[in-house]
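Shown next, in structure tokens, is the structure this report addresses.
The values are calculated or read from the model by the stated rules, or taken from the named source; none is laboratory data. As the structure is a prediction and not an experimental result, all values here were calculated from the model. No Cβ is skipped: glycine too gets one built from the backbone with ideal geometry, and neighbour counts run over all protein chains shown.
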Amino acid sequence: MISPPAGLASSIALPKSRLCVGITGHRYSNPVFGRNHAAIEAALGLVLDTINSVVARQGDAIAPTRLHSLLAHGTDLMAVELALHRGWENAAPLPFGLALNTAINAHPETYADALAIIAGEDPDCAEAGARADHIRSLASQALCFELAEQDDALTGLFLAALQAPEDSSAAASFATLSSERVAAAGRIMIEQSDILVAVWDGVTPGAVGGTRHTIAAALAHGAPVVWIDARNPLDWRILRTPESLHAEVGTVSAEHIAVLVEDIVRPATPDQAERVIRFHTEHWHTRSHRQFHAYRRIEAIFGGGGIRRAVSSLVQKYERPEDIAQGSGAPLLKTARGLAGSDQAFVGRIETQVLQRFAWADGLSTYLSDAYRGGMVTNFLLSAFAIIGGVSYLPFASPDSKWPYALFEFLLLVAILGITAIGRKRRWHGRWFETRRVAEYFRHAPILLLLGVARSPGRWPRGSDTQWPENYARLALRELGLPRIVVTQAYLRTAFEDLLGHHAKLQRVYHSDKAKRLTTVHHNLDRMSEILFSLAVAAVATYLGLVAGSALGLIPESTAHLYQMSLYVDRLADEQGRERYHLDRYVGSNLVYDGVGDVIHGLFGATAGTNYGENNSLMAITRNYSGPALMAAGAICIVLAFIGKLSAFVGTIPVFVSGGLALYLFGVIGMQGIALMQENKVNLFDPLQLAVGAVIMVIGIGGNIGYEGGFLPIKIPGIFPNGLPAIATAAVVGIVVHLVFSALRSGQVAAGTATQGLDHEDAVLR
């Protein structure tokens, strides 16, 4: 038991620790038990005294020990007497109704005696009557949970076997059915017990419901077993796993049993105790907080509830523990109180010790889940906004003005770190899972408790440092124990149909609706992610297209240079009587590689490249088109770029010399263009050629001269922050004009049947 401090936020009392012991063993009819009766009783008393000494050391922090037995004639009755003598509580999950259980364990030899005992009367046989009185006396001091739903059939078989001993079929049927009932009661006893004490000779086979069978069932559930060997009662062993039944296990002393018991009843570690206290002292919130609704809002928007659901208030009120009996728990309590032979006091304890604890844990868990999931979703959104904000300067501002965007991104990252730090400090995730575990343990407990079902120690999952929810729920359910009822068919029918059926239906509807809603959310979020991904691809492609478009102004220049070079090389080849090279056939490859290269340059922040017209002029003047000469010139330029003194030496050339050379070179560039048009017989009387040439000249030459730096006053942030370059724009516009006029001309020619046989120029003029 953990003592709560003053001023708890919860009015619900903390459950006291309690040790629950189960007992199983041979009956008086077993020869070994009968022979060693006194020694077994003494050994059993020592084991109970050892348990008592450990419990006594806990003081008021632990409730009285509770013994569970089937009140069978033999070890069970012996243990109950010893337990009552030591002040233990007694609970009896009986495999039959009390009357039938008394009659069976009184061992009447005649039909009449059995009938009398069942009727509560004195039989003719005094010994059978004494045994019956003894059982009734002990039963009156125990809380009996009677599995009587099959008593009618069992009573008939029991009486039939006594009335006609020669009828083996009745005896066999009774033995089979009664063994099944004993096994069922044994399972209830195991589920209600922390430890099982067994008196067994180690050799008697494990019939269904027998001692060995019960030991195996306890070990399978994880409950340790203290085995007292009926052949040598002072020979004790501790069994912990089902495999230990088939292996040699060393004997133990009372000290070993004391350690085992202490491990079960000792208070929780300081950390676990602190968390239990914190659970009861949590601040109660009457409703959810809007600042934690991010997850709920996402679910509402994408859950298929429509616009009304998406914009509606998501504030959720939490049911107070003291209101649950008149609220959501009212139907359950009403049905429980209406069960045939219902234990009204037990139902009252379910209200205060189970439902109120459920409401408390459920409210806390729901609030904490909103806090954690809301913070998680908020962090995801802030992360997206941080990335968008950090790069949004690209289309809107120059690199020199990007600091506000970087500051915005930094502040969002700080907010993410702050939310994360708060969540970790307040343990939103851990507390949410812990309180949810407590809530779910108590959600189904009322119905299970009314049916005598409780988790055994082995069925409680145990974490390394977060097992307090399991310990807490175990203590709370141990505190209630078993109801004092007679389980009849009418009781079970009402419990299954009205309690369990209604509860299961509500849970099925809730989880079905939740699954459908989350499936819709998942589907819609997938669709949105696909759309956003497509938009991202389109945005990147657009950006790359714009970057590539910036290089288009260099491509026509590069292409023109290739045509010029091809013209002069081929003319020189004609003069020398050599085969023409036809360099212009590589114009397609030139366009591709030059464009790809310029795009790559742009991505890495470098300038676009081109084969400068001055080089073509120099080759036309010198008539030197040698590849090795060009490579050598390129190498010299690289050396000049890296060696400053050589560059300075070149800079010593007088300006009037370099200027005169520049006049000659640039003039030759223009003459090359005229030569190229002559060579290709460009018809400057064609409106198409006139339009393309006029646009290029006005935009290119006029823009380059008329505007500072040769930039047209048309700015595109992030790509052309200073304006469109006149030369490049002229080239792009020239290409577009050529494409438009060509398309119009093709349409006119295709539609004009009257102009068939005429050339293009005539067709257009007419």
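Outside any helix (DSSP H, G or I) and either among the hydrophobic types (A, V, I, L, M, F, W, C) or in the same structural domain as Ala184 (by TED's automatic domain parsing) (or both): does that describe Ile238?
yes
Which residues, counting only those in segment 232-242, are surrounded by fewer than 16 Cβ atoms within 10 Å (Cβ to Cβ) and either hydrophobic (A, V, I, L, M, F, W, C) or under 17 Å from Thr24 (Cβ atoms) (or both)?
Correct list: Leu234, Arg240, Pro242.
I'd like to know if segment 659-673 contains one or more residues that are under 60 Å from the mean Cα position of the chain (by Cα) and closer than 30 Å to Ile719 by Cα.
Within segment 659-673, not a single residue is under 60 Å from the mean Cα position of the chain (by Cα) and closer than 30 Å to Ile719 by Cα.
Out of curiosity, is Gly129 out of contact with any Pro (no Cβ under 6 Å at 6 or more places or on another chain) and not assigned by TED's automatic domain parsing to the domain that holds Ser342?
So Gly129 does not fit the description; no.
Looking at segment 623-636, I want the residues that are under 16 Å from Asp570 (Cβ atoms) and have a partner that is at pLDDT below 85 and part of a loop (DSSP other than H, G, I, E, B) with Cβ atoms under 8 Å, at least 6 apart or on another chain. Which pairs are those?
Once the first residue is under 16 Å from Asp570 (Cβ atoms) and sits in segment 623-636, no partner that is at pLDDT below 85 and part of a loop (DSSP other than H, G, I, E, B) comes close enough.
Please verify whether Asn105 is among the polar types (S, T, N, Q), buried (at least 22 other Cβ atoms within 10 Å of the Cβ) and touching an Asp or Glu at 6+ places or on another chain (Cβ under 8 Å), treating the condition exactly as stated.
No; evaluated as a whole, the condition is false for this residue.
Having 2 or more residues that are within 27 Å of Leu567 (Cα to Cα) is the bar; report the helices (runs of 4 or more DSSP H) wholly within segment 593-670 that clear it.
613-622, 627-642
In this structure, does Ser529 turn out to be surrounded by fewer than 12 Cβ atoms within 10 Å (Cβ to Cβ), closer than 29 Å to Ile447 by Cβ, of a type in the set (S, T, N, Q) and within 25 Å of the chain's Cα centre (by Cα)?
When the stated conditions are applied, Ser529 does not pass them.
Restricting to segment 56-72, count the residues that are crowded, with 21+ Cβ neighbours inside 10 Å and not charged (D, E, K, R).
Summing the residues that are crowded, with 21+ Cβ neighbours inside 10 Å and not charged (D, E, K, R) in segment 56-72 gives 7.
This table checks each residue for (1) under 60 Å from the mean Cα position of the chain (by Cα); (2) surrounded by 13 or more Cβ atoms within 10 Å (Cβ to Cβ); (3) under 29 Å from Ile621 (Cα atoms).
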residue	(1), (2), (3)
Ile643	no, no, yes
Val650	no, no, yes
Asp686	no, yes, no
Gly693	no, yes, yes
Phe711	yes, yes, no
Ala731	yes, yes, yes
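Name the single residue, out of those in segment 420-456 being under 18 Å from Gly363 (Cβ atoms) and among the aliphatic types (A, V, I, L, M), that is farthest from the chain's Cα centre (by Cα).
Ala445
Do we have Gln272 as outside the structural domain of Leu219 (by TED's automatic domain parsing) and closer than 30 Å to Asn52 by Cα here?
So Gln272 passes the test.
Is it fair to say Val208 is out of contact with any Lys or Arg (no Cβ under 6 Å at 6 or more places or on another chain) and either within 25 Å of Gln58 (Cα to Cα) or not in a helix (DSSP H, G or I) (or both)?
When the stated conditions are applied, Val208 passes them.
Among the numbered criteria (1) at pLDDT 70 or above; (2) under 58 Å from the mean Cα position of the chain (by Cα), which one does Phe741 miss?
(2)
Can you say whether Leu364 is under 30 Å from Leu492 (Cβ atoms) and either β-branched (Val, Ile, Thr) or buried (at least 18 other Cβ atoms within 10 Å of the Cβ) (or both), as far as the supplied structure shows?
The answer is no for Leu364.
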